[in-house]
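Rule-based calculations on the coordinates, nothing more; no lab input. Being a predicted model, the structure only gives us computed values, none of them experimental. FYI the Cβ positions are ideal-geometry reconstructions off the backbone, even for glycines, and counts take in every protein chain you see.
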Amino acid sequence: MEETVQKQLPTLKGATPEELAHAIFDVLDAKKAHNIKVLRVEDQTVITDYFVICTGNSSTQVKSLGGEVEYKLGLRGVSPTHFEGRDNNGWIVLDYDSVIVHIFNRENRDFYNLEKLYGDAQEITFEGIDDKIGEEQ
């Protein structure tokens, strides 16, 4: 089955940072992450081009979201250079160099408030699965 999935999904090797951020958004959206934000932070920091930030409802969902992003992008030929928080229930970080993924529980997202910290960043809007279904009806 993995082989079938790999054939159906194009590789992300050589993808632009925005294409990579969009692929990550799609994985998180499909797994029902909450309040997904994609911020273009290249003008605010030298560490990355994009942040993808989302919330999980429970420690189980936070871990599941992180694992799913790593797995699905791995099927498309891209692995994180760093994965932090596997044993943490409140915040997972996946570093894909040009895109850093932050998966929080609600309390940690409110506490760290990256959206406010990077308030000058441009928010990029991608269409979610539920939005696409609504258009088809």
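Please work out how much length the chain gains when fully extended from residue 122 to residue 88, using 0.36 nm per residue of separation minus the C-alpha to C-alpha distance, in nm with one decimal.
Details: separation 34, 0.36 × 34 = 12.24 nm, distance 2.89 nm.
Computed gain between residue 122 and residue 88 is 9.3 nm.
What number do you get for the stretch 33-124 when its Cα radius of gyration is normalised by 2.2 N^0.38 Å, N = residues? Let's see the in-between values first.
Working: Rg = 12.5 Å, N = 92, 2.2 N^0.38 = 12.3 Å.
Compared with the compact-globule rule of thumb, the stretch 33-124 sits at 1.02.
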Once every DSSP H run of n ≥ 4 in the chain is given -39500 (n - 2.57) and the sum is divided by its residues, what mean residue ellipticity at 222 nm do you get, rounded to the nearest 500 deg cm²/dmol? -12000 deg cm²/dmol
Would you mind calculating the gained length between residue 30 and residue 13 on full extension (0.36 nm times residue separation, minus the Cα-Cα distance), in nm to one decimal? 4.0 nm
PRE zone check, label point 7 Å out along Cα-to-Cβ of residue 75, amide N under 17 Å, scope the stretch 26-69, hits 26-33, 64-69
